[in-house]
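Trainee: Dumping the structure here so I can ask a few things about it.
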Amino acid sequence: MQPEARAITSTETTAALQPQWQRDDNLIALLAENARRHPDQVAMRERDHGIWQEYTWKDYLDQVLCFAAGLEALGVQPEDIVLVVGDNRPALYFGMLGMVALRAIPSPAYPDTTPEELEGQLRREKVRWALAEDQEQVDKLLLIRERYPALETIIFDDPRGLKGKEPPGTLAFTDVVERGRARLEREPTLREDLLSRASAYDVAALLHSSGTTGVPKGIPLKHGNILAGVRNAAAAGYFREGEQHMAYLPIAWVGDFIFSIGAAVALRFTVNIPERQETVLHDLREIAPTLYFCSPRAWSNMLTRIQVGMDESTPFKRWLYRKFMPFALELERRRLNGHQPTLAERLWRALGELLVYGPIKDHLGLARVERAYTAGEAIGEDVFLFFRALGLNLRQFYGQTENCALAAAQAPDEVKLHTVGRPFPGVEVKIDDTGEILVRGENVFHGYYQNPEATAETLKDGWLHTGDAGYLEEDGQLVVLGRVSEVVHTAQGERFIPTYIENRLQFSHYIKDACVIGQGRDYLTAIICIDLQAVGHWAQENGVPYTSYAELSQQPRVYDLIADVIARTNKVLPQPLRIRRFVNLHKEFDPDDGEVTRTRKLRRKVIDERYKAIIDALYSGQTSIDFEAQITYETGESGLLKRTLTIRDLPVEEGA
């Protein structure tokens, strides 16, 4: 690492900032304790070719230490950064903790990261080693190595397509483990040595910001930060020991590291890994987790799946659904407003649980979920109410990578539609004079990787400046409005946050993405990306023909459908901030095209530049525009998609 990085990772600096941390309170020590106290308890399962392969805590520790010993023999030193890329696999989790045991630093990347983006990460972090899931990721890294020869060794997990014809500089994960095992047998003191190296002050993972406004920033999280965040959340009842957890979220996302490694090791979760991303929903039913988190978008997709399934089910099942669901939705809406169910309502609810709600939860794999969460953006009221009406105690929480994703959450008996709950024990939250949310606690990181300027802007007097605008209600619950940097004004001086309006448009499962425009303009407009699954199903049910996303997006009746969604959103907005015109884009916003991040946050500068002609047409009175959009295929090749796009006006209603 460079000198700037060492200032972030040094034990002396961290000890001064966090004198209460104990050096031996770290992930490796906790893993060893689990292996000692609960050697035969299942720590991790992976579904492989339909069969669940189990690893006990003893197995887990063995894999970590053997990999660490083998990796060190390859030349990995303390504070070296190692790339990790691929979908959720036991070897990748074992590998990351093996790096941590050496005091090296895992730097995970999203599996669909383009070669160009990945090369930038390797160069910025001077990466010389990589751990990859399979041949697809190895091929990507080999392509990068042609331009970045500093990448010395690529370790792979899945040998399919590679075994027996390994390219130079590549090595199987199992080979590294076996080399390490042989070394541990030769060196009797090495095992205890590896167990003693890690410190609470060390960096356990180098994660990254979303990069909505430029190059992603490196965010080093230390053992002490992660464990403080997990324990704060556990103290609030957010986690419990022994949870059944499904690891399916990207390993590069902070939530997966905190849930699948941090909380799993600290609280002895059983981590269940689906066979493939395509089988997640099927495997979920077999796993039957007790803890389940997914984004508002994923909850919305699940609701769409339920609605499509009910439309295609038998007449009797549809009758039961339409008899019981409206009752449950209205009862939950009233409960959130303080209503106590009557005896008759409780009896009817119990019957619905037997006939409708329970079977739906069982079909989804959510029958055993006791703690269901959502975060990342605002969730639609209809989606939120639906899952709570099913009997899931779905709650919202709030956090960022910089605070280990754990800052505040709703208590089970204090759920409100518009808040994210109270700060966790050990976390302080306040609002500054500009309306920005500030956070302080042991879970807050100590600075960006090699970026002292960004660190100075974000960390001031011990407070993390989150960049989010919000306020605290009288009862202490936090309301998040959007990014402070996105507060803009219309030509008339009306203040608004585009993401606030966009999130509410996306409450509809018919809209996958929305970009609201209006800064310095006389009125607001929107570029809409429809949701192919939801709108496609609606089109089939309503006799609207189409052969492609582009054709479906431009159907007049689809425009009517989206216009109704926007009109409902407009009703809750002040008159000057209502959307006047919109266009349905003939393609989705795509991370490979640079329009959204891997977590689907808009890159506004890219959208403003790429769709300037459409934006100009929205404000010039045109009713249509011929437009060629850039698209990137799965092969990495690019092309153009040309279409005549309709621009639709919305009626202007007077009033507040």
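Trainee: Filter segment 609-626 down to residues that are assigned to a helix (DSSP H, G or I) and touching a residue at least 60 places away in the same chain (Cβ under 8 Å) and give me whichever is surrounded by the fewest Cβ atoms within 10 Å (Cβ to Cβ).
Mentor: It comes out as 619.
Trainee: Restrict the check to segment 165-175 and report whether at least one residue is in the same structural domain as residue 208 (by TED's automatic domain parsing) and under 26 Å from the mean Cα position of the chain (by Cα).
Mentor: no
Trainee: Name the residue, out of 560, 616, that is over 28 Å from the mean Cα position of the chain (by Cα) and within 25 Å of residue 490 (Cα to Cα).
Mentor: Being over 28 Å from the mean Cα position of the chain (by Cα) and within 25 Å of residue 490 (Cα to Cα) holds for just one of 560, 616, which is 616.
Trainee: Kindly list the number of the only condition in (1) surrounded by fewer than 20 Cβ atoms within 10 Å (Cβ to Cβ); (2) of a type in the set (D, E, K, R); (3) in contact with a Pro (Cβ under 8 Å, 6 or more places away or on another chain); (4) more than 19 Å from residue 486 (Cα to Cα) that fails for residue 598.
Mentor: Here residue 598 meets the rest and fails (1).
Trainee: Okay, moving on. Mind counting the residues in segment 270-282 that are over 14 Å from residue 249 (Cβ atoms) and touching a strand residue (DSSP E or B) at 6+ places or on another chain (Cβ under 7 Å)?
Mentor: The total comes to 2.
Trainee: All but one of (1) of a type in the set (Ser, Thr, Tyr); (2) over 30 Å from residue 124 (Cα atoms); (3) in contact with a His (Cβ under 8 Å, 6 or more places away or on another chain) hold for residue 458; state the number of the condition that does not hold.
Mentor: (2)
Trainee: Do you know which residues across segment 219-256 are of a type outside the set (A, V, I, L, M, F, W, C) and assigned to a loop (DSSP other than H, G, I, E, B)?
Mentor: Within segment 219-256, 237, 238, 240, 241, 242, 243, 248, 250 qualify.
Trainee: Take the residues of segment 114-135 that are assigned to a loop (DSSP other than H, G, I, E, B) and not acidic (Asp, Glu): which is farthest from residue 206 (Cα to Cα)?
Mentor: 114
Trainee: Across segment 632-656, what is the total count of residues that are at pLDDT below 85 and over 21 Å from residue 143 (Cβ atoms)?
Mentor: Selection size over segment 632-656: 7.
Trainee: To continue, here is another question. Please report, ordered by residue number, the helices (runs of 4 or more DSSP H) entirely within segment 264-342 with at least 2 residues that are over 30 Å from residue 60 (Cβ atoms), out of contact with any helix residue (DSSP H, G or I) (no Cβ under 8 Å at 6 or more places or on another chain) and among the hydrophobic types (A, V, I, L, M, F, W, C).
Mentor: Qualifying helices (runs of 4 or more DSSP H): 315-336.
Trainee: Here is a further query. Looking at segment 470-502 only, could you name the residues that are of a type in the set (Gly, Ala, Ser) and either in a loop (DSSP other than H, G, I, E, B) or more than 22 Å from residue 415 (Cβ to Cβ) (or both)?
Mentor: 476, 485, 491, 493
Trainee: Let me ask another. I'd like to check something: does segment 306-313 contain any residue that is touching a residue at least 60 places away in the same chain (Cβ under 8 Å), within 26 Å of residue 534 (Cα to Cα) and surrounded by fewer than 15 Cβ atoms within 10 Å (Cβ to Cβ)?
Mentor: yes
Trainee: Please verify whether residue 631 is in contact with a Gly (Cβ under 6 Å, 6 or more places away or on another chain) and either surrounded by fewer than 20 Cβ atoms within 10 Å (Cβ to Cβ) or not assigned by TED's automatic domain parsing to the domain that holds residue 115 (or both), treating the condition exactly as stated.
Mentor: In short, yes.
Trainee: Would you check if there is a residue in segment 525-539 being without any contact (Cβ under 8 Å) to a residue 24 or more places away in the chain and farther than 23 Å from residue 607 by Cα?
Mentor: The answer is yes, given that some residue of segment 525-539 is without any contact (Cβ under 8 Å) to a residue 24 or more places away in the chain and farther than 23 Å from residue 607 by Cα.
Trainee: Can I ask one more? Filter segment 503-520 down to residues that are part of a loop (DSSP other than H, G, I, E, B) and modelled with pLDDT of 90 or more and give me whichever is nearest to residue 614 (Cα to Cα).
Mentor: Taking the candidates together, the pick is 518.
Trainee: Output the number of residues of segment 572-594 satisfying the condition of being among the charged types (D, E, K, R), modelled with pLDDT of 90 or more and either surrounded by fewer than 17 Cβ atoms within 10 Å (Cβ to Cβ) or part of a loop (DSSP other than H, G, I, E, B) (or both).
Mentor: The number of residues fulfilling the criteria is 3.
Trainee: Further question: Just name the residue that is surrounded by the most Cβ atoms within 10 Å (Cβ to Cβ) out of those in segment 521-569 that are aromatic (Phe, Trp, Tyr) and not in a helix (DSSP H, G or I).
Mentor: Only one residue tops the list, namely 523.
Trainee: Let me ask something else. Among the residues that make up segment 395-405, is at least one of them of a type outside the set (Ser, Thr, Tyr), more than 25 Å from residue 464 (Cα to Cα), assigned by TED's automatic domain parsing to the domain that holds residue 363 and assigned to a loop (DSSP other than H, G, I, E, B)?
Mentor: The answer is no, given that none of the residues of segment 395-405 is of a type outside the set (Ser, Thr, Tyr), more than 25 Å from residue 464 (Cα to Cα), assigned by TED's automatic domain parsing to the domain that holds residue 363 and assigned to a loop (DSSP other than H, G, I, E, B).
Trainee: Now, a different point. Quick one: in segment 168-201, of everything that is at pLDDT below 95 and loosely packed, with under 13 Cβ neighbours inside 10 Å, which residue is nearest to residue 19 (Cα to Cα)?
Mentor: The extreme case among them is 188.
Trainee: Is one or more of the residues making up segment 519-528 of a type in the set (Asp, Glu) and more than 30 Å from residue 468 (Cα to Cα)?
Mentor: no
Trainee: Would it be correct to say that residue 444 is crowded, with 17+ Cβ neighbours inside 10 Å, in a loop (DSSP other than H, G, I, E, B), aliphatic (A, V, I, L, M) and in contact (Cβ under 8 Å) with a residue 24 or more places away in the chain?
Mentor: yes
Trainee: So, one more: Within segment 113-123, can one find any residue that is closer than 30 Å to residue 287 by Cβ and either assigned by TED's automatic domain parsing to the domain that holds residue 206 or touching a Pro at 6+ places or on another chain (Cβ under 8 Å) (or both)?
Mentor: Yes, that holds for at least one residue.
The values are calculated or read from the model by the stated rules, or taken from the named source; none is laboratory data. Just so it is clear, the structure is predicted and the values come from calculations on it, not from any experiment. Here the Cβ is made from the backbone with ideal geometry for all residues, glycine too, and neighbour counts use every protein chain on show.
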